[in-house]
Every structure is written in structure tokens, then in C-alpha cells.
1. Placing +1 at every Lys and Arg Cβ and -1 at every Asp and Glu Cβ, with all other atoms neutral, what dipole size does the stretch 1-79 have around its Cα centre, in debye to the nearest 20?
2. Return the calculated 222 nm mean residue ellipticity for the chain, to the nearest 500 deg cm²/dmol, obtained by summing -39500 (n - 2.57) across DSSP H runs with n ≥ 4 and dividing by the residue count.
3. Gap in Å between the Cα centre of the stretch 88-117 and the Cα centre of the stretch 119-168?
4. How big is Rg to Rh over the stretch 1-107, alpha-carbon atoms, Rh as the Kirkwood inverse-mean-distance radius?
5. Which aspartates and glutamates, on any chain, are close to residue 69 with Cα under 17 Å apart, when same-chain ones fewer than 8 places away are left out?
6. What lysines does residue 171 reach when the alpha-carbon gap must be under 18 Å and sequence neighbours fewer than 8 apart in one chain are set aside?
7. For residue 175, give me every one of the aspartates and glutamates with a C-alpha distance below 12 angstrom, ignoring sequence neighbours fewer than eight places off in its own chain.
8. Rg to Rh ratio, the stretch 119-264, alpha-carbon atoms and Kirkwood radius?
Amino acid sequence: MQFHQTLALIESDKNNQVVELPSGWAQGRAFFGGFSAAMAAQFLLQQFPADYHLRSLAISFVAPASPGKATLSYRVLRQGSSVLQVAVELIQNDEVMLTGLASLGKGRQSTVSVSGETAPDLKTINDGPGLPEADIVPEFAKNFDYRITSGGMPFSGQPGRTFGGWIRFRKEQEKLTTAAIFALVDAWPPAVLPHLDSPAPASSLTWTIEFPDTPLQEFNTHDWFQYEAFIEHAENGYGHSRAGLWSAEGELLAISRQTFTVFA
């Protein structure tokens, strides 16, 4: 089942609802974390009025989920005049697979206005290769098109602090949503993988993603988007990076921070 077909099955105004994690989205031995996070975000957005914009979602990937049935639930921690603080969980086989803390906030008038960070120079989609058609490429990644124009190819032994390029959904042509941005950002492997000269497992441990007020209705998931991660520190099997996702025209769509593990 495709990404957007799955999200369309999530119901509004229903807590503790059963969802189906589809096949075709494996990430090693686990279900693609960007998809499970997107489902949690879409679930939350459908439980509250539309003027509550998702400002931030801090996620812990507690255990590897698998294709099949799972349950999404939420708990309101505090509701103020304009901000909701909500805890969300994805549970499978009576175990927590994903837990998150979301901040949803209504817009309000402010004298402060600072434009988003500009996109880096990622050249063009013609200036970098895509991921190869190889067994080492995770199953979920075959649902996306990539062009790597910053840093090296994963497992190429090319150390550097930046990694990224261009990305889009390969086949799905739908209106861009906040949930789809989760998948576009997390579809990129940890930025440390180009440092390795042979394949090794790596995965996200925690992930915080934040969303400015950029309108999304004019974008399509088959459009190309720009992504670049910057490694802030990595040693002893863990790493820390920050990243951004921009439109092709350079509009900031998401701000991301990850703690990741690497077994090499």
C-alpha cells in the first residue's frame, strides 16, 4: 500500500485507533521510522482543529515496528489559550514502538519576524547520482528518488560534515502535507554513513522535527525538495546532526535534529 493511501485511513476524533503498517516499507529489520512518525503526526493533526499547527514533534524510536496492526493513542498534557502539549504513542504487540511529545500552536500576531535559514548550494538534480539499484539499499528507499549533491555516497569512505541533495516521492503525486515531510526528511540515511567504507547498520534513536508556517498547498510530493544534514558530533557509536528541508525555490519547510546510532 502506498504512503498516502495508508494515511487516508486514519480517522478523525478517535483516540486509541488501530492502524495498519503496510508492507513494502522495510528499513532493515524494522518498519521505516519516517512512515511511523508520519502516521503519528497525521493522527494528532486529525484529532484537533486545523488552526492548531504542528510546531514540533520530539520522537523516540523505542523499538523496531513491523508491518501489521498497531495502535495510535494520545494524551493531552496541557492545553493553554493557543498551545497544546500532547503525548503520542504507537503500540504494537502490547509494546511501545514509538513515543513522542508534540507541541501544536495557533498562530497569533507578533512584532517578531525573522525569515527562515536559506537553502545551501546543493547544485541541481543533474549534478549528483541517485541511490544505486542494489540489495544494500533499504526497501523503503525505493519509494523515493534521490540526487546526492552534498557529501559522498553512503559507505564510500568520504568523510565530511555535510550530506544531502534532492529528494521526492518516486510515484506518488499528492498535495504536500506535514506528514509527507516526515517521510522526505527521514528517508535520508544518517549523515555519517559516507564516512564508512563498507556497509554497517545505523538508525535514528531520537528525532525532533519542527515546522515553520510555510504554506504547503502549492507543493506536490512529486516535486523535488532540497535536504542537507550537518554532523555536529559523532563518536562511540552515536552521532548528532541537524538538517533542513527546503522547496526547490528555497523556502524552508522543516528543521530537523537527530541522535543516531551506528554499529561500526
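1. Numbers: 6 positive and 4 negative charges, 52 e Å.
Using only the charged Cβ atoms, the result is roughly 240 debye.
2. For the chain, the value works out to -3000 deg cm²/dmol.
3. Here the answer is 27 Å between Cα centres.
4. Details: Rg = 13.4 Å, Rh = 14.0 Å.
Dividing the radius of gyration by the Kirkwood radius yields 0.96.
5. Of all the aspartates and glutamates, those that pass the test against residue 69 - Cα under 17 Å, at least 8 places apart if same chain - are 11, 20, 89, 94, 95.
6. The reachable lysines, counting only those whose Cα sits under 18 Å from residue 171, are 142.
7. In chain and number order, the partners are 218, 223.
8. Working: Rg = 14.4 Å, Rh = 15.3 Å.
With Rg and the Kirkwood Rh in hand, the quotient comes to 0.94.
The numbers here are math on the coordinates, done by the rules we state, and not lab data. Note that the coordinates shown come from a computational prediction; the quantities given were computed from them, not determined experimentally. Quick reminder, even Gly has a Cβ in these numbers, built from the backbone with ideal geometry, and neighbours come from all protein chains shown.
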